[in-house]
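The values are calculated or read from the model by the stated rules, or taken from the named source; none is laboratory data. Quantities reported herein were computed from a predicted structural model and do not represent experimental measurements. Methodologically, a virtual Cβ is constructed for each residue, glycine included, from the backbone with ideal geometry; neighbour enumeration extends over all protein chains shown. The protein model used for the area step is the full one, side chains on, heavy atoms only, and it has no ligands, DNA or RNA in it. Shrake-Rupley method; radii C 1.70, N 1.55, O 1.52, S 1.80 Å.
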Amino acid sequence: MLKTKLPVIVLRNMILLPHGELKLEISSEIDKNIIYKSSNEHDGYVLLISPECITEDTLDVKDLPLVGTIGKITSNFELPNNNIRISILGINRAKIYEYIEEGNLNSIIGPVIVDKYNELEEEAILRKLQKEFSSYISIMPNISNGIINKITEESSLERLTDTIINMLPLRFEKKVKYVYESNCLVRAEMLLKDLNDEKNINIIDKNIDMKLKEQLDNSNKEYILKEKLRVIKEELGEDITKDEEVNELVKKVDNLCANENIKNKLYKEIKRYKSLPTTSPEISIVKNYIDTILSLPFGTYTCDNTNLKNIEKLLNETHFGLYEVKNRIIEYIAVKQLTNSIKGPILCLVGPPGVGKTSLAFSIAKALNRNFVKISVGGVNDEAEIIGHRRTYIGSSPGRIINGLQKAKSMNPVFLIDEIDKMTKDIKGDPASSLLEVLDPEQNKLFYDNYIEEPFDLSSVMFILTANDINSIPYALRDRLEIINLSSYTIFEKIDIVNNHMYEELLKEHGLNKRNIKIDEDAIKCIINNYTKEAGVRELERVLSSIMRKVVKDIVSSNKKKRHIITDKNIKDYLGNKKYSYINNTKDNDSGVVNGLAYTNFGGMILPIEVINYKGEGKVVMTGSLGEVMKESAEIALGYVKSHYKEFKIDEKILNNSNIHINAIEGAIPKNGPSAGVTLTTAIISSLTKRSVSNQIAMTGEMTLRGNVLPIGGLKEKMVGAFNSGVKMVFIPKENENDLDEVPNEIKDEIKIVLVDNYMDIYNNIFE
């Protein structure tokens, strides 16, 4: 009998049968030596054995099997991690006569001796095996039908049994018995039994799926998984109950720091949940309700920071100016320290976009050491969004207030409600009215959400609201708010924000440092004046980011870390041509053109009014998207001019025989408001008398038919707009004198402010 010597690879929980293929990744040096030895000395042949029980790294040769599989290494390549990946093709079984330990494990092997058997019996069992395996393939979703041809064409029972064994998903303990069994007839009988078992397992699995499909809604994934587990346990004869889950819920309710009404309601819902069958569509609704209540932060409070100096320092580090709102927060903490009890303040930050309303609210939360949560109600038109849906509706859920508290995970967070001026109302209700209960300190201790169905205490929540336009907030809601105006930034404030807050953050965000780039102050001024037109600094941040991206691109593409110095001289290379420009202060306007001042949602701005007159029948034409209030102001101005035409030195014939066309520049933008009277009057006089008004002059104020100038709102915003536009003289109503305290000193130092009681004060200053 021919014997030979082959190196041995010991497989752990893996099997290689003849006519099968195995892929291995070799990491140990001992196994690598076996691969090298096999390739160099044995033409790639190696013996693979699969011990049934391996509990230790060291092997005793006495415990190793006496039958293995001869394999041929068909591929061998080294991986980047120095491991070796090989593919081994099973050739035949081998009888092991002796194991030899020579640094690595070797073996003396010979062929397996098989008794002769009847050819007719072999042919019969071969056909039976082919038929049964074809039947098995037909019900298995993960085996290709193309394998049937390979099986039906096989004429050797020896090869057929090994081929089928390689395809079956048998456990290791079963497959290893096929390695040890050298008689193909015995293997075939074993296979027929295993094939029958596998078909039965597949049928049971399909029956489970069919039962589930009849009982469950496929859209509820979690429910399907739970039901599948239940059916499987039923097939296994195991008893299942919801007792464990219910007991866990009861423990959570016992430990919940809520009032007795809420606890009793939860106990009732848990009892209902326990009694419902798992197939009931209500069970998920009840469970969601219980989980929602348990997720609320009953009795959880964060400890406020009470160090006033520390709070002021933290607020100053994140925001420049805004002294009024900072003082309000410090006052709130001081009163709370003294009284140890205070209702949460309802602050409303009103100002144009980009001035830092949202970021200020976040900074307040950080300074107070409170959790922060934000919701936006812009565009909300359904009051259920605020106070929740009733549980009788499909898909019902709590309102945004309760959802916000779930996220905040405390009873005393800083709660930001953004864009309250953009809520709408329709047939679904009025969400602004729903907010009254939320924000009223006298009511929110017992806030009622339709989904929760029990009062919830909001009295410890510090609500902060934001809006762009105070006039768009309903009066009943505005009455409950403490309004704090955040005005437009002046150019000096914007420069300070860039230098002390924004610049360092942008450098870090773009992977730069001060050695890579320098933007001097003149360049920043140029960017503010000529490349942005905003009340805040949002667009300024975007423009600075654009410059830094170009610097980063240049550094990366050239691979040179040269320093880029940005000045007002070379800013065009980075940002292109100027987008905006100042008014031309070196010349007067054409006659009939006068600069008014407007206060919009985007801050203060110059609003030029132009008037022309031409031969006609005394008609008045108004264009420029003027609102009803401005149209009435134009009629008042025209009436006042006609009643005082002699004082204004207007030719009576021209006044009576001319059509007058009034236009507000930038007609696509709607314009309205009670502060354009003096501007319209001046523009009409200028047009009719052909006397120009300096481009350095702007004015604001409504007036009566007798020429009295009435006070206006938004003075600070308008003055900032005038300053940013390069105006040098502004006429304002005398009654707004006290409002000048809010105007920054740098603006008052640069602009001459003229207070007027009657329009004649303006006329005498400009035309006389």
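Could you go through the range 719-742 and let me know if any residue there is assigned to a loop (DSSP other than H, G, I, E, B), touching a helix residue (DSSP H, G or I) at 6+ places or on another chain (Cβ under 6 Å) and closer than 20 Å to Asn485 by Cβ.
Scanning the range 719-742, I find no residue that is assigned to a loop (DSSP other than H, G, I, E, B), touching a helix residue (DSSP H, G or I) at 6+ places or on another chain (Cβ under 6 Å) and closer than 20 Å to Asn485 by Cβ, so the answer is no.
Does at least one position in the range 681-691 carry a residue that is assigned to a strand (DSSP E or B), more than 26 Å from Ser472 (Cβ to Cβ) and open to solvent by less than 10 Å² (accessible area, probe 1.4 Å)?
No, the range 681-691 has no match at all.
Pick out the one residue from Glu312, Glu317, Glu324, Glu282 that is touching a residue at least 60 places away in the same chain (Cβ under 8 Å), open to solvent by 40 Å² or more (accessible area, probe 1.4 Å) and farther than 20 Å from Phe456 by Cβ.
None of the others qualify; the one that does is Glu324.
Being within 20 Å of Gly576 (Cβ to Cβ) and either open to solvent by 30 Å² or more (accessible area, probe 1.4 Å) or hydroxyl-bearing (Ser, Thr, Tyr) (or both) is the filter here; which residues of the range 546-561 pass it?
Answer for the range 546-561, where residues must be within 20 Å of Gly576 (Cβ to Cβ) and either open to solvent by 30 Å² or more (accessible area, probe 1.4 Å) or hydroxyl-bearing (Ser, Thr, Tyr) (or both): Ser546, Arg549, Lys550, Val552, Lys553, Asp554, Ser557.
Could you tell me which residue of the range 104-126 is least open to solvent (accessible area, probe 1.4 Å), considering only residues that are charged (D, E, K, R) and part of a loop (DSSP other than H, G, I, E, B)?
Once the filter is applied, the top-ranked residue is Asp115.
Would you call Met14 at pLDDT 85 or above, part of a loop (DSSP other than H, G, I, E, B), among the aliphatic types (A, V, I, L, M) and open to solvent by 10 Å² or more (accessible area, probe 1.4 Å)?
The answer is yes for Met14.
What pairs come out if I take residues in the range 407-421 that are without any contact (Cβ under 8 Å) to a residue 24 or more places away in the chain and open to solvent by 10 Å² or more (accessible area, probe 1.4 Å) and pair them with residues that are part of a strand (DSSP E or B) and not hydroxyl-bearing (Ser, Thr, Tyr) whose C-beta lies under 9 Å away, six or more apart or interchain?
Hits for this filter: zero, empty list.
Within the range 478-501, can one find any residue that is more than 24 Å from Ser359 (Cα to Cα), surrounded by fewer than 19 Cβ atoms within 10 Å (Cβ to Cβ) and without any contact (Cβ under 8 Å) to a residue 24 or more places away in the chain?
Yes; the residues of the range 478-501 include at least one that is more than 24 Å from Ser359 (Cα to Cα), surrounded by fewer than 19 Cβ atoms within 10 Å (Cβ to Cβ) and without any contact (Cβ under 8 Å) to a residue 24 or more places away in the chain.
Out of all the residues in the range 79-100, which are out of contact with any Lys or Arg (no Cβ under 8 Å at 6 or more places or on another chain), of a type in the set (S, T, N, Q) and surrounded by 12 or more Cβ atoms within 10 Å (Cβ to Cβ)?
Residues satisfying the conditions are Asn83, Asn92.
When the residues of the range 631-649 are narrowed to those that are touching a helix residue (DSSP H, G or I) at 6+ places or on another chain (Cβ under 8 Å) and under 18 Å from Glu702 (Cα atoms), which ends up surrounded by the most Cβ atoms within 10 Å (Cβ to Cβ)?
It comes out as Ala637.
Residues checked against (1) farther than 30 Å from Ile35 by Cβ; (2) without any contact (Cβ under 8 Å) to a residue 40 or more places away in the chain; (3) crowded, with 18+ Cβ neighbours inside 10 Å:
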{"position": "Glu102", "(1), (2), (3)": "no, yes, no"}
{"position": "Lys128", "(1), (2), (3)": "yes, no, no"}
{"position": "Ser135", "(1), (2), (3)": "yes, no, no"}
{"position": "Glu153", "(1), (2), (3)": "yes, yes, no"}
{"position": "Asp162", "(1), (2), (3)": "no, no, yes"}
